[in-house]
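Note sheet for the following structure.
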Amino acid sequence: MEISKLLRPHLLDIKPYSSARDEFEGEARVYLDANENAFGSALEDRWRRYPDPNQKALKRRIGEVKGVPAGNIFLGNGSDEAIDLLIRAFCNPGKDRIIITPPTFGMYEVSAHVNDVGVISVPLIAEDNYSLDLEGIMEAIEPGVKIIFLCSPNNPTGNQLDPEAIITILEKFQGVVVVDEAYIDFSSKPSLLSRLDEFWNLVVLQTFSKAWGLAAMRLGMAFGGKEIIEVLRHIKTPYNISGITQELAIQALDNHEKIVFFVNEIVAQREWLSNELNKLDIVKKVYPSDANFLFVMVEKGHEVYEKLLEKGVVVRDRSQAPHCVDCMRITVGAHEENMILLDSLREMGE
Ligand SMILES: *Cc1c(COP(=O)(O)O)cnc(C)c1O
(Lines give C-alpha, C1' and ligand atoms only; values in the text may rest on other atoms or scores of the structure.)
Protein backbone atom coordinates (compact mmCIF):
# COMPACT_ATOMS: atom_id res chain seq x y z
CA MET A 1 0.00 0.00 0.00
CA GLU A 2 1.30 3.38 -0.95
CA ILE A 3 0.85 6.13 1.55
CA SER A 4 -0.14 8.48 -1.26
CA LYS A 5 -3.41 6.59 -1.77
CA LEU A 6 -4.31 7.17 1.86
CA LEU A 7 -3.32 10.81 2.19
CA ARG A 8 -5.72 13.67 1.65
CA PRO A 9 -5.16 14.34 -2.05
CA HIS A 10 -4.31 18.05 -1.74
CA LEU A 11 -1.35 17.17 0.48
CA LEU A 12 0.37 15.19 -2.27
CA ASP A 13 2.05 18.25 -3.70
CA ILE A 14 1.85 20.68 -0.82
CA LYS A 15 4.87 22.91 -0.32
CA PRO A 16 5.92 23.11 3.34
CA TYR A 17 6.90 26.49 4.81
CA SER A 18 10.63 26.88 4.41
CA SER A 19 12.00 28.60 7.50
CA ALA A 20 15.21 30.59 7.74
CA ARG A 21 16.74 27.71 9.70
CA ASP A 22 15.76 25.30 6.90
CA GLU A 23 17.24 27.34 4.09
CA PHE A 24 20.63 27.87 5.63
CA GLU A 25 22.35 25.26 7.75
CA GLY A 26 25.93 25.41 8.94
CA GLU A 27 28.34 27.99 10.28
CA ALA A 28 28.35 31.61 9.17
CA ARG A 29 30.00 34.84 10.34
CA VAL A 30 26.76 36.70 10.96
CA TYR A 31 23.17 35.58 10.96
CA LEU A 32 20.89 38.28 9.59
CA ASP A 33 18.28 35.94 8.18
CA ALA A 34 15.65 35.43 10.87
CA ASN A 35 14.84 38.85 12.38
CA GLU A 36 16.08 37.79 15.80
CA ASN A 37 17.20 40.30 18.43
CA ALA A 38 20.90 41.03 17.81
CA PHE A 39 21.45 42.72 21.17
CA GLY A 40 20.31 40.20 23.70
CA SER A 41 17.39 38.44 25.32
CA ALA A 42 14.96 39.11 28.15
CA LEU A 43 16.33 35.84 29.52
CA GLU A 44 19.66 34.19 28.75
CA ASP A 45 21.41 35.17 25.55
CA ARG A 46 21.23 31.66 24.06
CA TRP A 47 17.45 31.85 23.74
CA ARG A 48 17.75 34.65 21.15
CA ARG A 49 17.83 32.26 18.21
CA TYR A 50 15.05 30.24 16.58
CA PRO A 51 15.42 26.54 17.41
CA ASP A 52 16.21 23.68 15.03
CA PRO A 53 12.89 23.06 13.19
CA ASN A 54 13.85 19.41 12.67
CA GLN A 55 15.08 18.78 16.24
CA LYS A 56 18.03 16.80 14.90
CA ALA A 57 20.13 16.53 18.07
CA LEU A 58 17.11 15.60 20.18
CA LYS A 59 15.88 12.99 17.70
CA ARG A 60 19.34 11.44 17.53
CA ARG A 61 19.37 11.12 21.33
CA ILE A 62 15.81 9.70 21.46
CA GLY A 63 16.79 7.31 18.68
CA GLU A 64 19.71 6.01 20.75
CA VAL A 65 17.59 5.49 23.86
CA LYS A 66 14.64 3.92 21.99
CA GLY A 67 16.58 2.03 19.32
CA VAL A 68 14.79 3.77 16.44
CA PRO A 69 16.45 5.71 13.57
CA ALA A 70 15.92 9.49 13.70
CA GLY A 71 14.09 9.38 10.34
CA ASN A 72 11.33 7.31 11.93
CA ILE A 73 10.64 9.85 14.70
CA PHE A 74 8.23 12.79 14.75
CA LEU A 75 8.15 15.11 17.76
CA GLY A 76 5.04 17.04 18.73
CA ASN A 77 3.90 19.61 21.28
CA GLY A 78 2.56 16.73 23.39
CA SER A 79 1.11 13.57 21.87
CA ASP A 80 -1.93 15.76 21.27
CA GLU A 81 -0.20 17.44 18.34
CA ALA A 82 0.69 14.10 16.73
CA ILE A 83 -2.91 12.88 17.12
CA ASP A 84 -4.26 16.04 15.49
CA LEU A 85 -1.74 15.99 12.63
CA LEU A 86 -2.41 12.31 11.86
CA ILE A 87 -6.12 13.05 11.54
CA ARG A 88 -5.48 16.14 9.44
CA ALA A 89 -3.08 14.28 7.15
CA PHE A 90 -5.31 11.32 6.34
CA CYS A 91 -8.96 12.20 6.99
CA ASN A 92 -10.96 14.37 4.59
CA PRO A 93 -13.29 16.61 6.64
CA GLY A 94 -16.98 15.84 6.29
CA LYS A 95 -16.15 12.53 4.63
CA ASP A 96 -13.66 10.19 6.30
CA ARG A 97 -13.79 8.50 9.70
CA ILE A 98 -11.67 7.07 12.47
CA ILE A 99 -12.36 4.06 14.70
CA ILE A 100 -11.95 4.36 18.46
CA THR A 101 -12.50 1.78 21.22
CA PRO A 102 -14.24 3.39 24.22
CA PRO A 103 -13.77 3.77 27.07
CA THR A 104 -10.51 5.34 25.94
CA PHE A 105 -8.46 8.55 25.83
CA GLY A 106 -10.72 11.47 24.88
CA MET A 107 -8.36 13.31 22.54
CA TYR A 108 -8.88 11.01 19.53
CA GLU A 109 -12.59 11.87 19.41
CA VAL A 110 -12.09 15.57 20.21
CA SER A 111 -9.45 15.94 17.49
CA ALA A 112 -11.68 14.15 15.00
CA HIS A 113 -14.61 16.44 15.83
CA VAL A 114 -12.47 19.58 15.58
CA ASN A 115 -11.47 18.43 12.10
CA ASP A 116 -15.06 17.50 11.13
CA VAL A 117 -14.08 13.85 10.87
CA GLY A 118 -16.52 11.08 11.81
CA VAL A 119 -15.98 8.70 14.71
CA ILE A 120 -17.01 5.04 14.78
CA SER A 121 -17.00 3.53 18.27
CA VAL A 122 -16.29 -0.16 18.82
CA PRO A 123 -16.41 -0.50 22.61
CA LEU A 124 -13.92 -2.64 24.50
CA ILE A 125 -15.49 -5.72 26.06
CA ALA A 126 -16.17 -4.65 29.67
CA GLU A 127 -17.06 -8.19 30.78
CA ASP A 128 -13.64 -9.40 29.63
CA ASN A 129 -11.56 -6.77 31.48
CA TYR A 130 -11.95 -4.35 28.59
CA SER A 131 -10.31 -6.46 25.92
CA LEU A 132 -10.40 -5.56 22.21
CA ASP A 133 -13.49 -6.55 20.24
CA LEU A 134 -11.49 -7.74 17.24
CA GLU A 135 -14.53 -8.99 15.34
CA GLY A 136 -16.36 -5.74 15.97
CA ILE A 137 -13.43 -3.73 14.63
CA MET A 138 -13.19 -5.88 11.51
CA GLU A 139 -16.91 -5.37 10.86
CA ALA A 140 -16.63 -1.61 11.38
CA ILE A 141 -13.89 -1.23 8.76
CA GLU A 142 -15.36 0.23 5.57
CA PRO A 143 -14.24 2.62 2.84
CA GLY A 144 -13.48 6.02 4.33
CA VAL A 145 -12.12 4.66 7.60
CA LYS A 146 -8.56 5.99 7.55
CA ILE A 147 -7.23 5.57 11.08
CA ILE A 148 -7.82 3.16 13.97
CA PHE A 149 -6.73 4.51 17.37
CA LEU A 150 -5.79 1.88 19.96
CA CYS A 151 -4.56 2.85 23.40
CA SER A 152 -2.37 0.23 25.04
CA PRO A 153 -2.13 0.22 28.03
CA ASN A 154 -5.56 1.80 27.77
CA ASN A 155 -6.58 4.99 29.53
CA PRO A 156 -8.79 4.80 31.70
CA THR A 157 -9.01 1.01 32.09
CA GLY A 158 -5.27 0.40 32.59
CA ASN A 159 -4.91 -2.84 30.62
CA GLN A 160 -2.56 -3.53 27.74
CA LEU A 161 -4.45 -4.77 24.68
CA ASP A 162 -3.75 -8.21 23.22
CA PRO A 163 -0.74 -7.78 20.89
CA GLU A 164 -1.92 -10.61 18.63
CA ALA A 165 -5.22 -8.82 18.05
CA ILE A 166 -3.36 -5.59 17.23
CA ILE A 167 -1.14 -7.46 14.77
CA THR A 168 -4.21 -8.91 13.07
CA ILE A 169 -5.61 -5.40 12.65
CA LEU A 170 -2.27 -4.14 11.28
CA GLU A 171 -2.26 -6.94 8.72
CA LYS A 172 -5.86 -6.66 7.57
CA PHE A 173 -6.54 -2.92 7.71
CA GLN A 174 -5.35 -0.85 4.74
CA GLY A 175 -5.15 2.34 6.78
CA VAL A 176 -3.10 3.73 9.66
CA VAL A 177 -3.16 1.98 13.04
CA VAL A 178 -2.09 4.31 15.85
CA VAL A 179 -1.05 2.51 19.03
CA ASP A 180 -0.86 5.02 21.87
CA GLU A 181 1.73 3.72 24.33
CA ALA A 182 1.73 6.66 26.77
CA TYR A 183 1.86 4.17 29.67
CA ILE A 184 4.09 1.47 28.18
CA ASP A 185 6.92 2.10 30.66
CA PHE A 186 4.72 0.77 33.47
CA SER A 187 3.87 -2.48 31.69
CA SER A 188 5.74 -5.75 32.01
CA LYS A 189 4.76 -6.63 28.44
CA PRO A 190 6.69 -5.42 25.40
CA SER A 191 6.16 -2.29 23.29
CA LEU A 192 5.25 -2.57 19.60
CA LEU A 193 8.19 -0.29 18.84
CA SER A 194 10.40 -3.27 18.03
CA ARG A 195 7.96 -4.27 15.25
CA LEU A 196 7.91 -0.94 13.45
CA ASP A 197 9.80 -2.35 10.46
CA GLU A 198 7.21 -5.06 9.83
CA PHE A 199 4.17 -2.83 9.34
CA TRP A 200 4.04 0.16 6.98
CA ASN A 201 0.83 1.34 8.67
CA LEU A 202 1.92 1.26 12.33
CA VAL A 203 2.39 4.49 14.29
CA VAL A 204 3.42 4.19 17.95
CA LEU A 205 2.87 7.17 20.25
CA GLN A 206 4.89 7.70 23.41
CA THR A 207 5.30 10.74 25.64
CA PHE A 208 7.54 12.51 28.14
CA SER A 209 4.45 13.32 30.25
CA LYS A 210 4.13 10.15 32.33
CA ALA A 211 7.12 7.96 33.29
CA TRP A 212 9.60 10.75 32.53
CA GLY A 213 7.74 13.11 34.87
CA LEU A 214 7.81 15.96 32.35
CA ALA A 215 4.15 16.70 31.64
CA ALA A 216 4.86 20.45 31.76
CA MET A 217 7.34 20.13 28.90
CA ARG A 218 4.71 19.10 26.32
CA LEU A 219 6.80 16.67 24.32
CA GLY A 220 5.24 13.72 22.54
CA MET A 221 6.84 11.20 20.19
CA ALA A 222 5.37 9.45 17.16
CA PHE A 223 7.34 6.52 15.71
CA GLY A 224 6.46 5.19 12.29
CA GLY A 225 7.53 4.40 8.75
CA LYS A 226 9.57 7.11 6.99
CA GLU A 227 6.73 8.03 4.64
CA ILE A 228 4.18 8.73 7.37
CA ILE A 229 6.73 10.58 9.50
CA GLU A 230 7.67 12.76 6.54
CA VAL A 231 4.05 13.74 5.98
CA LEU A 232 3.73 14.86 9.61
CA ARG A 233 6.94 16.85 9.30
CA HIS A 234 5.62 18.62 6.21
CA ILE A 235 2.35 19.76 7.77
CA LYS A 236 3.54 20.74 11.26
CA THR A 237 4.24 24.36 12.18
CA PRO A 238 7.93 25.12 11.58
CA TYR A 239 9.11 25.57 15.18
CA ASN A 240 6.65 23.30 16.98
CA ILE A 241 9.19 22.19 19.61
CA SER A 242 10.69 25.13 21.50
CA GLY A 243 14.44 25.48 21.94
CA ILE A 244 13.97 25.30 25.69
CA THR A 245 12.15 21.98 25.37
CA GLN A 246 14.78 20.57 23.01
CA GLU A 247 17.61 21.45 25.35
CA LEU A 248 15.92 20.18 28.52
CA ALA A 249 14.73 16.97 26.84
CA ILE A 250 18.31 16.13 25.86
CA GLN A 251 19.34 16.62 29.50
CA ALA A 252 16.43 14.38 30.59
CA LEU A 253 17.53 11.64 28.19
CA ASP A 254 20.98 11.73 29.78
CA ASN A 255 19.20 10.82 33.06
CA HIS A 256 17.27 7.92 31.62
CA GLU A 257 18.44 5.49 34.33
CA LYS A 258 16.37 7.53 36.78
CA ILE A 259 13.22 6.48 34.96
CA VAL A 260 13.78 2.84 35.84
CA PHE A 261 13.85 3.81 39.51
CA PHE A 262 10.59 5.80 39.23
CA VAL A 263 8.87 3.03 37.31
CA ASN A 264 9.86 0.38 39.88
CA GLU A 265 8.53 2.55 42.73
CA ILE A 266 5.27 3.29 40.91
CA VAL A 267 4.67 -0.35 39.97
CA ALA A 268 5.36 -1.48 43.56
CA GLN A 269 2.92 1.13 44.92
CA ARG A 270 0.36 0.14 42.28
CA GLU A 271 0.38 -3.49 43.36
CA TRP A 272 0.21 -2.57 47.04
CA LEU A 273 -2.61 -0.05 46.51
CA SER A 274 -4.56 -2.52 44.41
CA ASN A 275 -4.36 -5.06 47.25
CA GLU A 276 -5.42 -2.55 49.89
CA LEU A 277 -8.35 -1.28 47.79
CA ASN A 278 -9.55 -4.82 47.31
CA LYS A 279 -9.93 -5.20 51.09
CA LEU A 280 -12.49 -2.35 51.28
CA ASP A 281 -16.22 -3.13 51.28
CA ILE A 282 -17.16 -0.17 49.06
CA VAL A 283 -14.75 -1.36 46.36
CA LYS A 284 -16.46 -3.78 43.99
CA LYS A 285 -13.58 -4.39 41.61
CA VAL A 286 -10.01 -3.26 40.99
CA TYR A 287 -9.12 -3.94 37.38
CA PRO A 288 -5.64 -5.31 36.59
CA SER A 289 -3.36 -2.45 35.52
CA ASP A 290 -0.29 -2.16 33.29
CA ALA A 291 -0.22 1.61 33.84
CA ASN A 292 0.45 4.18 36.60
CA PHE A 293 -3.20 4.28 37.65
CA LEU A 294 -5.95 1.92 38.75
CA PHE A 295 -9.45 1.60 37.33
CA VAL A 296 -11.75 0.92 40.25
CA MET A 297 -15.45 0.09 40.46
CA VAL A 298 -17.11 1.16 43.71
CA GLU A 299 -20.59 1.24 45.27
CA LYS A 300 -22.25 4.49 44.08
CA GLY A 301 -19.35 5.85 42.07
CA HIS A 302 -20.38 9.47 41.78
CA GLU A 303 -21.16 9.76 45.50
CA VAL A 304 -17.77 8.32 46.41
CA TYR A 305 -16.11 10.80 44.08
CA GLU A 306 -17.94 13.73 45.71
CA LYS A 307 -17.10 12.53 49.22
CA LEU A 308 -13.43 12.16 48.30
CA LEU A 309 -13.47 15.75 47.02
CA GLU A 310 -14.82 16.92 50.39
CA LYS A 311 -11.81 15.26 51.99
CA GLY A 312 -9.47 17.02 49.56
CA VAL A 313 -8.73 13.93 47.47
CA VAL A 314 -9.22 14.37 43.72
CA VAL A 315 -9.58 11.32 41.51
CA ARG A 316 -10.94 11.07 37.98
CA ASP A 317 -14.68 10.40 38.03
CA ARG A 318 -15.68 8.13 35.16
CA SER A 319 -18.91 6.92 36.77
CA GLN A 320 -21.11 8.67 34.21
CA ALA A 321 -19.07 7.72 31.13
CA PRO A 322 -20.41 4.97 28.86
CA HIS A 323 -19.12 1.47 29.69
CA CYS A 324 -17.67 2.73 33.01
CA VAL A 325 -20.63 2.65 35.43
CA ASP A 326 -19.51 3.42 39.02
CA CYS A 327 -15.84 3.49 38.00
CA MET A 328 -13.08 5.92 38.76
CA ARG A 329 -9.51 6.27 37.62
CA ILE A 330 -7.04 6.71 40.44
CA THR A 331 -3.45 7.75 39.75
CA VAL A 332 -0.93 5.79 41.83
CA GLY A 333 0.51 8.35 44.22
CA ALA A 334 3.41 8.42 46.61
CA HIS A 335 2.92 6.14 49.64
CA GLU A 336 1.63 8.96 51.93
CA GLU A 337 -0.85 10.06 49.25
CA ASN A 338 -2.13 6.52 48.77
CA MET A 339 -2.56 6.25 52.57
CA ILE A 340 -4.70 9.41 52.61
CA LEU A 341 -6.83 8.00 49.79
CA LEU A 342 -7.29 4.67 51.59
CA ASP A 343 -8.10 6.33 54.95
CA SER A 344 -10.69 8.55 53.25
CA LEU A 345 -12.34 5.55 51.61
CA ARG A 346 -12.28 3.59 54.89
CA GLU A 347 -14.01 6.46 56.74
CA MET A 348 -16.77 6.38 54.12
CA GLY A 349 -17.37 2.69 54.64
CA GLU A 350 -17.99 3.19 58.36
C1 LIG B 1 -1.39 11.16 29.17
C2 LIG B 1 -1.67 10.58 27.86
C3 LIG B 1 -0.97 11.01 26.73
C4 LIG B 1 0.05 12.06 26.81
O5 LIG B 1 -0.33 13.19 26.15
P6 LIG B 1 0.70 14.40 26.05
O7 LIG B 1 -0.02 15.32 25.11
O8 LIG B 1 1.97 13.84 25.46
O9 LIG B 1 0.89 14.92 27.42
C10 LIG B 1 -1.22 10.39 25.52
N11 LIG B 1 -2.10 9.40 25.42
C12 LIG B 1 -2.77 8.95 26.50
C13 LIG B 1 -3.70 7.82 26.34
C14 LIG B 1 -2.59 9.54 27.74
O15 LIG B 1 -3.30 9.10 28.78
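Scanning the range 2-25 for residues that are modelled with pLDDT under 85, of a type outside the set (Ser, Thr, Tyr) and either outside any loop (DSSP other than H, G, I, E, B) or surrounded by 10 or more Cβ atoms within 10 Å (Cβ to Cβ) (or both) turns up ILE14, PRO16, ALA20, ARG21, ASP22, GLU23, PHE24, GLU25. Does ILE166 meet the test of being open to solvent by less than 40 Å² (accessible area, probe 1.4 Å), part of a loop (DSSP other than H, G, I, E, B) and within 16 Å of the ligand (Cβ to nearest atom)? No. Every listed requirement among (1) in a helix (DSSP H, G or I); (2) loosely packed, with under 12 Cβ neighbours inside 10 Å; (3) of a type in the set (Gly, Ala, Ser) is met by ALA28 save one, (1).
For the range 242-260, the condition holds for no residue, the condition being that it is surrounded by 18 or more Cβ atoms within 10 Å (Cβ to Cβ), under 22 Å from the mean Cα position of the chain (by Cα) and not in a helix (DSSP H, G or I). If the condition is being in contact with a strand residue (DSSP E or B) (Cβ under 9 Å, 6 or more places away or on another chain) and either within 16 Å of the ligand (Cβ to nearest atom) or among the small types (Gly, Ala, Ser) (or both), then the range 187-201 contributes SER191, LEU192, LEU193. Scan the range 125-163 for residues that are in contact with a helix residue (DSSP H, G or I) (Cβ under 6 Å, 6 or more places away or on another chain), in contact (Cβ under 8 Å) with a residue 40 or more places away in the chain and open to solvent by 10 Å² or more (accessible area, probe 1.4 Å) and the total you get is 1. Restricting the range 202-226 to residues that are small (Gly, Ala, Ser) and within 11 Å of the ligand (Cβ to nearest atom) leaves a set whose member that is most open to solvent (accessible area, probe 1.4 Å) is ALA216.
Only one of the listed residues (ILE148, ILE229, ILE184) is within 14 Å of the ligand (Cβ to nearest atom), at negative phi and within 17 Å of the chain's Cα centre (by Cα). That residue is ILE184.
Note on the range 324-334: residues that are surrounded by fewer than 17 Cβ atoms within 10 Å (Cβ to Cβ) and under 15 Å from PRO102 (Cα atoms) amount to 1.
The values are calculated or read from the model by the stated rules, or taken from the named source; none is laboratory data. From a predicted model like this one, the values you see are computed outputs, not experimental measurements. Note that we place each Cβ from the backbone using ideal geometry, even for glycine, and neighbour counts take in every protein chain shown. For accessibility, only protein heavy atoms count, side chains too; no ligands or nucleic acids. Shrake-Rupley method; radii C 1.70, N 1.55, O 1.52, S 1.80 Å.
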